[in-house]
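**Student:** Let me give you the structure first, and then I'll get to my questions.
The values are calculated or read from the model by the stated rules, or taken from the named source; none is laboratory data. Since the structure is predicted, the reported quantities are computational estimates derived from the model, not experimental observations. Note that each Cβ is placed from the backbone with ideal geometry, even for glycine, and that neighbours are counted across all protein chains shown.
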Amino acid sequence: MMPGRVATLVEDKEGITWGCAYRIAGPTALDYLKQRECKLGGYIVEYTKFFPRVASANSGHSGEAFPVLLYIASDENDQWAGEETVISLARHIVDARGSCGHNIEYLLRLATFMREELPDARMIISLSSRRWVRQLMSHRKIAMSTVMGRPPQRIRRDSHEETRRPISFEFTSRVPETRLRCLNI
């Protein structure tokens, strides 16, 4: 077993982080996350505002920002890898496997999530890492079926996809619609 690489948020005063928020309830869920993310994973806890792109009657929000809890890796974590070349990162991803599965699966499922759920956002690092990972898999004759676990259960999203919240950040009006976003993994 070799720890893999995971995506983390890196502070950028003018950046936008795309993602999704999950509502959790009760102390049991928070205790579980504290154990998994902080004690085992070494992540730090941060709070921020989340601006939903889609607002619906089911979401409990009207498209207004609401507070969210984040677990973020820091360079004080023993497992922090720091900056790597894309090729070095791809090699590590191909070699890494842990109790939760293969790191290749993590990268590919992250890329799938970004493509399906956040088509307006693009990740340069994910695309180039994925290309190198697939080349290494081909070179090492690693079959995709041996690194991918069971398909995840789909989480039901709001059915009001047409009710999109307009992006209201001032500087986004100057960014082309096909913008690229980087994510440090």
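**Student:** Are there any pairs, at least 6 apart or on different chains, whose C-beta atoms fall under 7 Å, with the first in segment 73-87 and without any contact (Cβ under 8 Å) to a residue 40 or more places away in the chain and the second polar (S, T, N, Q) and surrounded by 11 or more Cβ atoms within 10 Å (Cβ to Cβ), and if so, which?
**Tutor:** That search, which allows pairs on different chains as well, returns 80/74.
**Student:** While we're here: All but one of (1) modelled with pLDDT under 85; (2) loosely packed, with under 14 Cβ neighbours inside 10 Å hold for residue 74, so report the exception by its number.
**Tutor:** That leaves (1) as the condition not met.
**Student:** In segment 22-42, which residues are surrounded by 14 or more Cβ atoms within 10 Å (Cβ to Cβ) and farther than 16 Å from residue 79 by Cβ?
**Tutor:** 33, 34
**Student:** Does segment 48-62 include one or more residues that are surrounded by fewer than 13 Cβ atoms within 10 Å (Cβ to Cβ), more than 18 Å from the chain's Cα centre (by Cα) and modelled with pLDDT of 85 or more?
**Tutor:** no
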